[in-house]
Amino acid sequence: MSLNKVLLMGNLTRDPELKATPSGAKVCNFSIATNYSFKDAQGNKKEVPEFHNIVVWGVQAENSAKYLKKGSSAFIEGRIQTRSWDGPDGKKQYKTEINADNVRFMSSPAGGAPRQSFGPNDPVPAPQPEKSEPIGKPEEFDIIDFGEDPNPDDIPF
């Protein structure tokens, strides 16, 4: 048995690039940075960045290109894949990438976007206007006073 599963959460280091293959399939490429934190022998906190190349396909590629930008936070779920090819000098070239199965949008660079997740075949929902009015008046809600020792059977959830 084997397992090739990657979970990453980091910030985009560049804007996504959306392209199409000759057959018309959409592919989006971007990279994210993650940090590894530790204390050195002297007790000083150190952070080491790691950069990951991400590849997303299909509808999810289009959504990633549309909603992600440099600086956005994203949670990536996928698998490691290494490609190889012959370079111009005849030497073998290698590139290790994360082939994303799921991309969750955690925030925008401005920090104002809601968290969203789109699967490979999910349509993108239309943006909803922000509501500035409260959803109800306090007197419209049931208030239950349990006193000091609530009975778990009385809790309405």
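Each row is one residue, and each column tells you yes or no for (1) of a type in the set (D, E, K, R); (2) crowded, with 17+ Cβ neighbours inside 10 Å; (3) touching a Leu at 6+ places or on another chain (Cβ under 8 Å); (4) at pLDDT below 95.
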| site | (1), (2), (3), (4) |
| --- | --- |
| Glu17 | yes, no, no, no |
| Phe30 | no, yes, yes, no |
| Gly43 | no, no, no, yes |
| Val56 | no, yes, no, no |
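Could you grab the pairs with beta carbons closer than 8 Å, sequence gap of 6+ or different chains, first residue in the stretch 45-57 and of a type in the set (Lys, Arg), second one surrounded by fewer than 11 Cβ atoms within 10 Å (Cβ to Cβ) and not in a strand (DSSP E or B)?
Lys46/Asp40
Counting just the residues of the stretch 1-23 that are among the hydroxyl-bearing types (Ser, Thr, Tyr) and more than 13 Å from Ala33 (Cα to Cα), which one comes out farthest from the chain's Cα centre (by Cα)?
Of the residues in the stretch 1-23, the ones among the hydroxyl-bearing types (Ser, Thr, Tyr) are 2, 13, 21, 23.
Remaining after also requiring more than 13 Å from Ala33 (Cα to Cα): 2, 21, 23.
Values: Ser2: 25, Thr21: 24, Ser23: 27 Å.
Per the criteria, the residue is Ser23.
Across the stretch 35-61, which residue is nearest to Gln81 (Cα to Cα) among those that are assigned to a loop (DSSP other than H, G, I, E, B) and not hydrophobic (A, V, I, L, M, F, W, C)? Let's see the steps before the verdict.
We begin by selecting, within the stretch 35-61, every residue assigned to a loop (DSSP other than H, G, I, E, B); these are 40-44.
Right, trim to not hydrophobic (A, V, I, L, M, F, W, C) and you get 40, 42-44.
Values: Asp40: 32, Gln42: 37, Gly43: 36, Asn44: 35 Å.
For the stretch 35-61, the residue satisfying everything is Asp40.
So how many residues does the stretch 1-34 have that are assigned to a loop (DSSP other than H, G, I, E, B), among the polar types (S, T, N, Q) and closer than 21 Å to Ser73 by Cβ?
Initial filter on the stretch 1-34 (assigned to a loop (DSSP other than H, G, I, E, B)): 1-5, 13-16, 21-25.
So of that shortlist, the ones also among the polar types (S, T, N, Q) come out as 2, 4, 13, 21, 23.
Cutting the leftovers down to closer than 21 Å to Ser73 by Cβ gives us 13.
Of the residues in that region, 1 qualify.
The values are calculated or read from the model by the stated rules, or taken from the named source; none is laboratory data. Bear in mind that the values here come from a model prediction, so they are computed numbers and not experimental data. Neighbour counts are summed over all protein chains in view; Cβ atoms, including those assigned to glycine, are modelled from backbone coordinates with ideal geometry.
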